[in-house]
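Notes follow once the structure below has been shown.
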Amino acid sequence: MRYITQMHLGHFELLAFSDGIYHLDGGAYFGVIPKVLWERKLPANEKNLVPSGLNSIVVRTGSKTVLIETGIGNKLPEKMARIYGQPAHLLDRLRTAGIAPHEIDIVINTHLHFDHCGWNTIHQDGKIVATFPRAQYYVQEGEWRHAHENQRDSPSYFTGNYDPLVESGQMTLLRGNQEILPGVSVEVFPGHTRDMQAVLVQSEGETACYISDLIPTSAHLDLNWVMGFDLYPVETIESRKRYYSRALSEKWLTMFTHDPHIPWAYIERDEKDKLVARPPA
Ligand SMILES: [Zn+2]
C-alpha cells in the first residue's frame, strides 16, 4: 500500500500507516488451504515466503487522536529480526504526516503478538518507556494473561511491549466489549487468540472496523481460509460469520491489519456469492 492513505468516516478522519512489510511462510499463513489455491492471490517467493503488511490506523475524532495497533517496532531480538525483518517505519511515517508521538491520546492493541504492539515502547536511557508518552493504552486483560502463559504462540510475545505500561498504569486491561471514547469501541472476536479484540469506529451512521487477525488480508475473506497460527480455528470461522452478518448488511469498512496492498475495503458478495473486497473509490 502507499505509505499513507486517508479518508473520512462521518465526522472522523482515518489515516492508514504501514510499519513496513515483513515475510511469513505462505503455508502457515493459509493453514490447511492448498498452495495451488492461495498462491493465485498472494504469490510466494523461492523460500515460500509471502509479503505481509503492518497496517496501523490513526483515527482523528476532532477531540482525540487514536492509534490502532503499533506494528513490529524496533526492539525485535536479532534472531527474530533475521527471520522476519524489522522495517520499523511507523514513527517516521507518522512524523511525515505531522503526527508527533506526544499527540497520540489513545493506543489500542487488538492483541499482544509482537507484530501488533512493537512500537508500544522504545528503549531510552537503558530503560523501556512508552513511545507515546501521553497515551493511555488498551488491551483485553485475558490477552495480557495469555501472553504470560506458556502456550503454542508464546514465541510471539515479548513482555517489553506491554508489561512496563501495565506497571506504570499507562495500559488499561479491559474485560470484554467496551466503549473507549464516543465513536470508538472494542469487541472481542475469539479465534486467532481467545481474547483478540476488534476496534469499531462509528460516526454519523458510518462504521469502520479494524478486524485484525480475524481476517488479516483481503486474501483471507473466505470463511475457511484460516491462518495456521490461529489457536482456535473453528472459533475463527464462527467469529467471521458473526462479523460478516453485520459488516455486509450495514456496509462496514473493513480495515486489514496485514494486507500488503490495501489498508481497507468494503466486503461484498459478488454474483457467484463469493466474498470480495472493494476498496473505496
Ligand atoms: Zn497475531
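Miscellaneous remarks
- Of the numbered criteria (1) touching a Phe, Trp or Tyr at 6+ places or on another chain (Cβ under 7 Å); (2) farther than 23 Å from residue 227 by Cα, the one residue 78 fails is (1).
- Residue check for residue 136: within 14 Å of the ligand (Cβ to nearest atom) and either crowded, with 17+ Cβ neighbours inside 10 Å or farther than 21 Å from residue 215 by Cα (or both): no
- If you go through segment 231-281 and keep only what is under 27 Å from residue 147 (Cα atoms) and over 20 Å from the mean Cα position of the chain (by Cα), you end up with just 234.
- Inter-residue pairs, beta-carbon under 7 Å, first under 19 Å from residue 224 (Cβ atoms) and in segment 265-278, second open to solvent by less than 50 Å² (accessible area, probe 1.4 Å) and acidic (Asp, Glu), 6+ apart: 276/270
- In segment 86-125, of all residues being of a type in the set (Asp, Glu) and open to solvent by 30 Å² or more (accessible area, probe 1.4 Å), the one that is farthest from the ligand (Cβ to nearest atom) corresponds to 125.
- The residues of segment 194-218 that are within 16 Å of the ligand (Cβ to nearest atom) and either open to solvent by 10 Å² or more (accessible area, probe 1.4 Å) or in a loop (DSSP other than H, G, I, E, B) (or both), listed by number, are 194, 195, 196, 211, 215, 216, 217.
- When 155, 164 are screened for being within 13 Å of the ligand (Cβ to nearest atom) and either of a type outside the set (Phe, Trp, Tyr) or touching a residue at least 60 places away in the same chain (Cβ under 8 Å) (or both), only 155 passes.
- Answer from 41, 64, 47, 35 - the residue that is surrounded by fewer than 22 Cβ atoms within 10 Å (Cβ to Cβ) and either under 20 Å from residue 91 (Cβ atoms) or small (Gly, Ala, Ser) (or both): 64
- Selection count where residues are without any contact (Cβ under 8 Å) to a residue 40 or more places away in the chain, in a loop (DSSP other than H, G, I, E, B) and either basic (Lys, Arg) or in contact with a His (Cβ under 9 Å, 6 or more places away or on another chain) (or both), scope segment 29-56: 3
- Boolean, residue 152 is at pLDDT below 95 and within 26 Å of residue 239 (Cα to Cα): yes
The values are calculated or read from the model by the stated rules, or taken from the named source; none is laboratory data. Please read all numbers here as calculations on a predicted model, not as lab measurements. FYI the Cβ positions are ideal-geometry reconstructions off the backbone, even for glycines, and counts take in every protein chain you see. For accessibility, only protein heavy atoms count, side chains too; no ligands or nucleic acids. Shrake-Rupley method; radii C 1.70, N 1.55, O 1.52, S 1.80 Å.
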